[in-house]
Amino acid sequence: MSIRVRIAPSPTGYMHIGTLHTVLFNYFFARQQGGAFIIRIEDTDQKRFVDGALESLLKTLQTLGLEHDEGPVLRADGTLSEKGSFGPYIQSSRLDIYKPYVEQLLAKGDAYVCFCTAERLEEMRAAQTAAKQTPKYDRHCLSLTREEIESRKKTESFVIRMKVPEGSTTFDDAVRGPVTIKHSEVDDQVLLKSDGFPTYHLAVVIDDHLMEITHVLRGEEWLPSTPKQVILCQMFGWESPVFAHIPLLLNADKKKLSKRQGDVAAEDFLSKGYLVDTLINFVGTLGFNPKSDEEIYSKAELVELFDLSKVNRSGAVMNIEKLDWMNHQYISKLDEQSLYEAVKPFAPDIDFSNPIALRALQIEKTRANRLTDFAVSLTPYLSIGDYPASILVWKKADVADAKKNLENIRSIVSGAGEEAFADIGLLEGLIKEYISTNALQNGNVLWPLRVALSGAEKSASPFELLWVLGRGESLKRIENALNLLA
């Protein structure tokens, strides 16, 4: 059997990080099994439709390097097309497909017409809630005769509801094991709305069957709706796909990830300077870690190691500190060209034609947690601001001591060969040889040198600064410091 999985987002805005979580698990599973990864757009709720949301979703998937095998495709010119032989892949283009199945359910008595108004339904639910009952439809319209139905259809709007049978439904969830839900807890779900659009519950069952979906990997918030879909499959005489309900993503307070508590769109994290590889690694291991002693995985490794049996049942916390740590690991391992290309969009005011900026990148990548950090950290290398002479003096020394050591270091830097400025280690050796030969304390020499080169009390090491700035700029800044001490 060929594995076929799908993600079925609604075009209602940007890609929620929880949606990305589901996307990744589907992607890993499909690629590992040599199956198909499908995108199907569920846009039957036209009230929530957001123009441009589908294009945004597809663009984000492209950015993340998560190519799908079937579904809508965003062309280079921004227009949409489709690929795959099971289309259309947008539900609003499939409306004619659903109607015969609704008629089939009505004919078998597995569905019925309902004329109840929104006002009546609201009053019904309020009364049930007051009586401490689970709000569900009371089947007020189930007993209508065929004549009554046909007569009222002429003047009243109506919906089609499924008639949930008595008993219970049990299905084997690939993450949670056997799940049983009593039908007394299942509402007579609306299947076809008054506008002629199917609801999610009807469309998803029909689409999954017609598109030959074998496995449904989705968030645990869909768990309560699963019995309705299993019942519908049974009504149609179809085999249900394998369900796997993966854990929700949680805020630090262990509550469901909410927009009110921070950014939740995948695009938000990318715009804040997180690398694509980081985001895939971090989100792809929330609620699932192949090995207890590792944290860093490539996309290929996650595909190879993915295992539904190892997916946690409990919610996974979005730990931003861990995300920053992980992003730091990825940034620090980037080669020169990749680092430059990654940082450039986040530091538009930095002149990267200046070799100092490119060398500074190599130093600051060992400290950065996000790509946005470079816009600030690179600036002092290119332009030193005014600073008070007092900060040039080491706390255990005086002005005369700082001046003497800077003058001696100036001579060393001036006389150093070109090979020294090609290696931070050689520069460090020259300075430390001076300290050792003259039996000096490190602070008396290194502190004024570092401040002279950076103009700040906190910065990279003086050896790193000498390497980044080069001989000419280093001597210029040391001279400026000596003038301040004069």
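See the values below:
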read-out	value
Intensity falloff of segment 1-109 expressed as log10 I(q)/I(0), Debye formula with alpha-carbon point scatterers, at q = 0.17, 0.18, 0.23 Å⁻¹	-0.86, -0.94, -1.33
Segment N319-N408, length gained on full extension (0.36 nm per residue, minus Cα span)	27.1 nm
Extent along principal axes [Cα atoms of the chain; Å; largest to smallest]	107, 49, 43
Any cysteine of the chain lacking a neighbouring Cys Cβ under 4.7 Å - listed by number	C116, C233
Residues S461, S383, sorted so that the one with the fewest Cβ neighbours within 10 Å comes first	S383, S461
Computed Rg/Rh of segment 334-382, alpha carbon atoms with Kirkwood Rh	0.88
Segment 389-485: projected area of the alpha-carbon convex hull, averaged over directions, in nm²	5.3
Fewest-first ranking of M124, M235, M318, using other Cβ atoms within 10 Å as the exposure measure	M124, M235, M318
At R0 = 56 Å, FRET efficiency that the Cβ-Cβ distance of K458 and S92 yields, to 0.05	0.45
Given K396/K476; K395/K458; K322/K365, the pairs whose alpha carbons are separated by over 21 Å	K396/K476
Sequence-separation-based contact order of the chain, relative, with Cα cut under 8 Å and 6+ spacing, percent	12
Ranked list, fewest to most other Cβ atoms within 10 Å of each Cβ, for L61, L223	L223, L61
Residues E341 and E419, FRET efficiency given R0 of 25 Å [Cβ-Cβ distance, rounded to 0.05]	0.25
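Each value in this text was obtained by applying a stated rule to the coordinates, not by laboratory testing. No experiment lies behind these values; they were computed from the predicted model shown. Cβ atoms come from the backbone with ideal geometry, glycine included; neighbour counts cover every protein chain shown.
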